[in-house]
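The values are calculated or read from the model by the stated rules, or taken from the named source; none is laboratory data. Owing to the predicted nature of the structure, the values given are computational and were not obtained by experimental measurement. Ideal geometry is used to build each Cβ from the backbone, glycine not excepted, and the neighbour counts take in all protein chains shown. All accessible areas refer to the heavy atoms of the entire protein, side chains included, with ligands and DNA or RNA removed. Shrake-Rupley method; radii C 1.70, N 1.55, O 1.52, S 1.80 Å.
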Amino acid sequence: MKASRIDTWFARGWLSAGYLFLYLPIVALVLYSFNDSTVPNVWRGFTLKWYAELAHDREMLGGLWLSLKIAFLTACGSVVMGTLAAFSLVKYRRFTGRTLFNGMVNAPLVMPEVVVGLSLLLMLVSMQRATEAVLGVGFPERGMLTIWLGHLLIGMAYATVVIQARMQDLNPQLEEAAQDLGARPHQVFWLVTLPMIAHALASAWLLTFTLSLDDVVLSAFLSGPGSTTMPLVIFSRAKLGLNPSVNAVATVIVGLVAVGVLTASWLIAHAERRRARERAEAARQ
C-alpha cells in the first residue's frame with residue numbers, strides 16, 4: 001500500500017513538472033507584458049504602456065492581421081482538402097496511383113520546412129518568369145497568396161492525418177444503412193459521415209490554424225514586400241533586442257487562442273450532449 005502511494009505521488013510530481021515546463025514560460029510572458037521596465041526580465045512595477053504602444057505599432061499590428069488572415073484561410077482550406085484526401089484514402093482502398101497519392105500527401109510531414117520552402121520558392125519564381133514571358137505580367141507575385149499556398153501544403157498534410165484516423169474508426173454499417181434507406185452517396189456524406197467526423201474537423205482546423213499562425217520558415221521564403229507576417233516581424237526585431245511590446249502582442253495572441261479553444265470545446269461538448277439526448281430519446285421510443 002505504501003509503495004503504491006509513493007508511485008502515485010511520484011507520477012503526480014512528474015506530471016506537475018511537465019505542466020510547469022510547458023506553461024510556466026507562457027505565464028511569465030503574460031506577467032512581464034505588464035512590466036514597467038524596458039528590460040524584459042526585470043520587474044519594476046505594473047503598467048499598461050506596452051499595450052498602448054502596441055496600439056500604435058503599425059508594423060506589428062499589420063503583421064498580426066496578416067498572420068490571422070492567412071491562418072484562417074489555411075485552416076479552412078486544409079480542412080476541406082484534408083477531408084477530401086482522407087475520404088479518398090479510406091473509402092477507396094484501390095485506385096491507380098493510390099500509393100503515390102498517399103506518399104505525396106504525407107511527404108510534407110517528414111520533409112524539413114527549409115526544403116519545402118526552397119522548393120516552393122523555386123517553383124513560384126519559375127512560374128512568375130514563365131507567365132511574365134507569355135502574358136507580360138508575372139504571376140504569382142510573392143505575398144499573401146504565396147504564403148497561403150505554402151501553409152496550405154503543410155496544413156493539408158496534418159489535417160489529412162487527423163481526419164483519416166477518425167474516418168478509419170467509423171462504423172461502415174451506419175453509412176450502409178443510410179444507403180439502404182434510399183440516401184444518395186452525397187446525402188450519406190453530408191448527413192451521416194460529416195456529423196460523425198465533426199470533432200476531427202474541429203481538431204484539424206485548430207491544429208492547422210496554430211501551425212500557420214506561428215510559421216517562420218515558409219513565410220520567410222514565400223513573403224514579399226509589404227507582406228511580412230507577425231512571426232517574421234518578431235524574428236527581425238529579435239536581432240536588435242526585443243522590448244516588452246512583443247510580450248504584449250504575444251499575450252493578445254494567447255488570449256485569442258484560449259478563447260477560440262474554449263469556444264470550440266464548448267460547442268463540441270454541447271453538440272455531443274445533444275446527440276446523446278437524441279439517442280436516448282430514440283432508444284425510449
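Laid out as a table, the results:
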read-out: So S16, is it loosely packed, with under 12 Cβ neighbours inside 10 Å, modelled with pLDDT of 85 or more, small (G, A, S) and over 24 Å from L211 (Cα atoms); value: yes
read-out: Qualifying positions in the range 123-155 - within 11 Å of L222 (Cβ to Cβ) and surrounded by fewer than 14 Cβ atoms within 10 Å (Cβ to Cβ); value: M123, V125
read-out: Output for the range 69-104, where each listed residue is outside any helix (DSSP H, G or I) and hydroxyl-bearing (S, T, Y); value: Y92, T96
read-out: Residue that is assigned to a helix (DSSP H, G or I), touching a residue at least 24 places away in the same chain (Cβ under 8 Å) and farther than 13 Å from N247 by Cα, where the choices are L20, L54, L66, L24; value: L66
read-out: Test: residue in the range 240-247 that is within 28 Å of M60 (Cα to Cα), open to solvent by 50 Å² or more (accessible area, probe 1.4 Å) and at pLDDT 85 or above; value: no
read-out: Identity of the residue in the range 70-96, open to solvent by 40 Å² or more (accessible area, probe 1.4 Å) and within 15 Å of the chain's Cα centre (by Cα), that ends up nearest to L149 (Cα to Cα); value: L73
read-out: Count of the range 28-69 residues which are under 26 Å from the mean Cα position of the chain (by Cα), modelled with pLDDT under 85 and open to solvent by 80 Å² or more (accessible area, probe 1.4 Å); value: 0
